[in-house]
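*Asks:* Sharing a structure here in structure tokens format.
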Amino acid sequence: MTDAATDMPEKAPAQTAHGSLLSESPLMKKRNAAEARFKMYGIVAITFGLAFLIFLTFSILRNGIPAFTHTVVNVEFTLTQEQFDEAESKMLKTAAYTDIFVTNITETFQQDGLDVAFDADTIERLLGKVGGNLREFYRENPDQIGQPVTFELSAASRVERYLQGKLTRDMVVDGRFLEAADLDVVDAMVDAGIIGSAFDWNFITGTDTGVDNPGGAGIGVSVIGSFFMMLIVLLLSLPIGVAASIYLEEFAPKNRWTDLIEVNISNLAAVPSIVFGILGLAVFIQFAHLPQSAPLVGGLVLTLMTLPTIVISTRASLKSVPPSIRDAALGVGASKMQSVFHHVLPLAMPGILTGTIIGLAQALGETAPLLLIGMVGYVAREYPDGIASGLLDPNSAMPAQIYTWAARSDEAFFEKAWGGIIILMIFLLTMNIIAIILRRKFERRW
């Protein structure tokens, strides 16, 4: 007996109105081609985005890294007790120390076979107030009198530009900042091997110096001003924003008033930041008579600007918690408030923290509101004495300081502005990394 299955003919592929199922129809080819094009568009978009990001990062680093180094003159100096007593006995003590320094560096040049004529005014134009630095050092360290001490003196910004090739002799016009003959002294320092480059810690920890000394300018005081402003923003915007979000999302009745409030919150998030600056100028300075250029006023203005962002992100986090969590809590006898604060809020906390930190990062980089409350016009020359001084005394902030440097005519301040952008970007990157870490740490999956 033969197998019936072997005697049955093979079935042909199923046919449809448009052809075989085993062959690609024209419609399917069109769909696959569209999908391939969409993938290609996505890859091209990502490539362009990465290219622009790399170009932006390279531009910032190329222009900003020079701000973290400065040209220094290393001079070994020995002050005798007789010279110290003689300088302290004179009326112009700083000038006396400068004359001693000129004599010392002249001897250094002569030992190296260099014959260059210069005076105290030349040294002041090239190295600043050398006499004051020497007097301050030996008054604080009397045990160093009679001992050889190597001083690292910062050179003027124009000297640095000359050594970098950005300033030539033909471009020098004799003035109170630099003369053409001063460059002979700079060349002699190079030949003597006493001039070089070093990391400029003063740029990170120093203060602004005004328009005359770009080489000595620092952003440290502005960092402190930004810190006090962010402290005010955090202490006010987080509890107010979270409380408002919880009420609107969990407790408020759904009617036309709450709809109006929600629309206005969304509109406030889209208002230009300079409008908040005008509001801060009118309310906090002109009406409330709070001190101008104070971090307290800046923090209040940035709080108003940050609140809509925190409210929107917090409400989105609360909405993401499944309704079953609320129903389960209510089902076992918890009150509405207990279900929100004991169950919903902890699950929404990662999103709340992320939205808060992103809002703070946005506020940290804002410049427009600070323009109108006077922070740009203030030169931050001193660190605050304490918390009260840090909040109420005039100060600047990182974005305001960067704007001020970029607006000055001396090209040396441009490097400072780019360097300030690097520091600001480091702060922003750190805050975003903290937001990601907190979200991963407290995130719960259900």
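What follows is calculated from the coordinates using simple rules that are stated; it is not laboratory data. Predicted model only: the values in this text are computed from it and were never measured. Cβ sites come from the backbone with ideal geometry, for glycine too, and all protein chains shown count toward neighbours.
*Asks:* For S197, which sequence-distant residues (separation of 5 or more, or a different chain) have an amide H within less than 5 Å of its own amide H, given hydrogens modelled in the peptide plane?
*Replies:* Amide H neighbours of S197: V72.
*Asks:* While we're here: Please check: in the Gaussian network model of the chain (C-alpha springs, under 10 Å), which one of N202, N141, N32 has the largest mean-square fluctuation.
*Replies:* Among N202, N141, N32, the largest mean-square fluctuation in the Gaussian network model of the chain belongs to N32.
*Asks:* Also: Once the piece of chain linking A243 and D187 is laid out straight, how much longer is it, given 0.36 nm per residue of separation minus the C-alpha distance between them?
*Replies:* Gain on stretching A243 to D187: 13.5 nm.
*Asks:* Name the long-range amide H neighbours of T69: under 5 Å, sequence gap of 5 or more, or other chain; modelled H, no Pro or chain starts.
*Replies:* For T69, whose amide H was placed from the backbone, the distant partners under 5 Å are D200.
*Asks:* Of the peptides 286-292, 123-129, 223-229, how do they stack up when ordered by the mean number of other Cβ atoms within 10 Å, highest first? Working shown, then result.
*Replies:* Working: 286-292: 12.4, 123-129: 19.0, 223-229: 24.0.
Put in order of decreasing packing, that is 223-229, 123-129, 286-292.
*Asks:* Additional query: Under the rule of -39500 (n - 2.57) per DSSP H run of 4 or more residues, summed and divided by the residues of the chain, what mean residue ellipticity at 222 nm is obtained, to the nearest 500 deg cm²/dmol?
*Replies:* -19500 deg cm²/dmol
*Asks:* Still on this structure, please answer the following. Can you give me the distance in nm between label points at M91 and T430, each placed 7 Å from the Cα along the Cα-to-Cβ direction?
*Replies:* 5.1
*Asks:* While we're here: Between L53 and A388, what is the spin-label point distance in nm, taking each point 7 Å from the Cα along the Cα→C-beta axis?
*Replies:* Distance between the two pseudo-spin positions: 4.8 nm.
*Asks:* If you count, for each residue, the other Cβ atoms within 10 Å and average over each peptide, how do 360-373, 402-415 line up from highest to lowest? Please report the intermediate quantities before stating the final value.
*Replies:* Details: 360-373: 21.1, 402-415: 17.9.
Ranked from most to least packed, the peptides come out as 360-373, 402-415.
*Asks:* Still on this model: When a footprinting reagent is the concern and you count Cβ atoms within 10 Å, what order do V211, V159 take, fewest first?
*Replies:* Least crowded to most crowded, the residues run V211, V159.
*Asks:* Arrange the peptides 50-59, 163-172, 243-252, 416-425 so that the one whose residues have, on average, the most other Cβ atoms within 10 Å appears first.
*Replies:* My ranking of the peptides, most packed first, is 416-425, 243-252, 163-172, 50-59.
*Asks:* Another question, then. Take the residue pairs K319/K441; K129/K416; K93/K416 and return only those whose Cα atoms are more than 30 Å apart.
*Replies:* K93/K416, as the Cα separations exceed 30 Å there.
*Asks:* Per residue of segment 79-96, in order, report the coupling 6.51 cos²θ - 1.76 cosθ + 1.60 (Karplus, θ = phi - 60°) as ³J(HN,Hα) in whole Hz, putting x for Gly and Pro.
*Replies:* Result, ordered by residue: 10, 7, 5, 5, 5, 5, 5, 5, 5, 6, 7, 7, 6, 8, 5, 4, 5, 5 Hz.
*Asks:* Under the rule of at least 5 residues apart or a separate chain, name every residue whose amide H is placed under 5 Å from the amide H of L167.
*Replies:* Close amide H contacts, sequence-distant or interchain: Y162.
*Asks:* I've got another one for you. In whole Hz, with x marking every Gly and Pro, tabulate ³J(HN,Hα) for segment 266-283 from phi via Karplus 6.51 cos²θ - 1.76 cosθ + 1.60, θ = phi - 60°.
*Replies:* Here the 3J(HN,Hα) series is 5, 5, 5, 5, 9, 6, x, 5, 5, 5, 5, x, 5, 4, x, 4, 6, 8 Hz.
*Asks:* Starting at the first residue of segment 365-371, write each ³J(HN,Hα) from the Karplus equation 6.51 cos²θ - 1.76 cosθ + 1.60 with θ = phi - 60°, in whole Hz, x for Gly and Pro.
*Replies:* Computed from phi, the couplings for segment 365-371 are x, 7, 10, 4, x, 6, 4 Hz.
*Asks:* Quick one: D85, D182, fewest Cβ neighbours within 10 Å first, how do they rank?
*Replies:* D85, D182
*Asks:* Between S197 and K441, what length comes free when the chain is fully extended (0.36 nm per residue of separation minus the Cα-Cα distance, one decimal in nm)?
*Replies:* Residue separation times 0.36 nm, minus the Cα-Cα distance, leaves 83.5 nm.
*Asks:* Tell me, H343, H70 in order of fewest to most beta-carbon neighbours within 10 Å?
*Replies:* Lowest to highest Cβ neighbour count: H343, H70.
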